[in-house]
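Working notes, beginning with the structure itself.
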Amino acid sequence: MLPDLERLIRLQSVDSTADDARRRIGEAPGRVGALDSRLDAARAAVEAAKQALAENQTERRTLEKDCAVVQQRVTKYKDQLMEVKTNREYHAIQHEIETFTGEVQKVEGQILEKMMAHDELTVALKDAEAALARDIKALGDEKAAIEQEARDLAVVVEQMTAERAAIAATVEPRTLALFDTVYKRRQGIAVSKVTGGLCEACHVRVRPQVLNNLLMGQTLFQCESCQRILYAVATKPAESTGGAGAGDQESGTRGQDQPAADSSSS
Ligand SMILES: [Zn+2]
């Protein structure tokens, strides 16, 4: 294989790794923001539960005051009952007492409802606070992991940038320019392997003559369909593990004419 082609295969791997790292770094703020939103929602749930509990207490106090006022009236009428002179007056006051006693019972019922609701709201607040505490811990850990990942990836980008410069310095300038042009035009994949006679990137068949020339490794060829720079790996006759495929990834039988290319070049 042409030495420049081997370098381009490595360059493809380096650039892809750097691009992936940059993309992932770019996604980090959005991912952190989503975690913050979840935390905000958990905080809002606690606030809402507190608010509901406070309203319940306020309403209950109001009802208790109302109840006391009505109760006082009942007491007052009961006092008056002692002093009435006529039967008619007696019945009138008796009627008032009944009315206001009914009112007291009604308000007492409402107070009881508020007390029961208070118990439920207290449980709901405790649940919301527990959920918030869990989220603060879990989302905090997730956030720290994302931030750590972004820092690690920044190091990867630095390393890849340095490695790219080192490789680029050894590639013939016109070849490098071709690589860069195809890389930009073809979604970050400038180099494509030929497998089973097909360009792995666009799946269009490569003419046998081109494939032969590729294997002889005398010049660069671009895919006639997608323009990517092609490379092919000679299929070796059966050796140690049957040697069926050109792209054996698990075996350590890489021949000297096989590139150290990643399988990510498709
Ligand atoms: Zn192609």
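The values are calculated or read from the model by the stated rules, or taken from the named source; none is laboratory data. Here the structure is a predicted model, which is why all the values come from computation and not from measurement. Cβ coordinates were reconstructed from backbone atoms using ideal geometry, including for glycine residues, and neighbour counts include every protein chain displayed. Just the protein is used for accessible areas: all its heavy atoms, side chains included, with ligands, DNA and RNA removed. Shrake-Rupley method; radii C 1.70, N 1.55, O 1.52, S 1.80 Å.
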Point-to-point label distance, ARG43-MET115, nm (Cα→Cβ direction, 7 Å offset): 3.7
Greater than 31 Å apart at Cα, pairs in LYS143/LYS184; LYS50/LYS106; LYS114/LYS143; LYS114/LYS137: LYS143/LYS184; LYS114/LYS143; LYS114/LYS137
3J(HN,Hα) from dihedral phi, segment 17-34, Karplus parametrisation 6.51/-1.76/1.60, rounded to Hz, x for glycine, proline: 4, 5, 4, 4, 5, 5, 4, 5, 4, x, 7, 4, x, x, 5, 5, x, 5
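Rounded to the nearest whole Å², what accessible area per residue is found for segment 16-167 with the 1.4 Å probe?
Details: 10150 Å² over 152 residues.
It amounts to 67 Å² per residue over segment 16-167.
Stokes-Einstein diffusion coefficient for the chain at 10 °C in a medium of 1.306 mPa s, Rh from the Kirkwood formula over Cα pairs: what value in µm²/s?
Details: Rh = 26.2 Å.
Rounded to a whole number, D works out at 61 µm²/s.
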Hull-based mean projected area of segment 135-199, where the convex hull spans the alpha carbons, in square nanometres: 7.5
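Give me the tail of P(r) for segment 87-201 as a percent: Cα-Cα pairs with distance above 16 Å.
Numbers: 5376 of 6555 pairs.
When all Cα pairs of segment 87-201 are counted, 82 percent exceed 16 Å.
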Other-chain or far-sequence residues with amide H under 5 Å of THR195's (modelled H): GLU200
Accessible area of the chain belonging to carbon and sulfur atoms, whole % at 1.4 Å probe: 53
Cα centroid of segment 48-112 to Cα centroid of segment 182-231, whole Å: 93
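Rounded to the nearest 20 debye, what is the charge dipole size of segment 1-74 about its Cα centre when +1 sits on each Lys and Arg Cβ and -1 on each Asp and Glu Cβ? Could the numbers behind the result be given before it?
On the way: 13 positive and 13 negative charges, 75 e Å.
So the dipole magnitude of segment 1-74 works out to roughly 360 debye.
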Nearest-20 debye value, the chain charge dipole, Cβ charges on Lys, Arg, Asp, Glu: 760
Cα convex hull volume per residue for segment 16-167 (Å³): 92
Unit charges at the beta carbon, dipole of segment 5-55: most positive-side option, VAL14, ALA48, ALA28: VAL14
Förster radius 45 Å - calculated FRET efficiency between ARG134 and THR99 (Cβ-Cβ, nearest 0.05): 0.25
Candidate aspartates and glutamates for bridging to LYS78, where Cα separation is under 17 Å - those fewer than 8 sequence places away on the same chain excluded: GLU89, GLU96, GLU98, GLU103
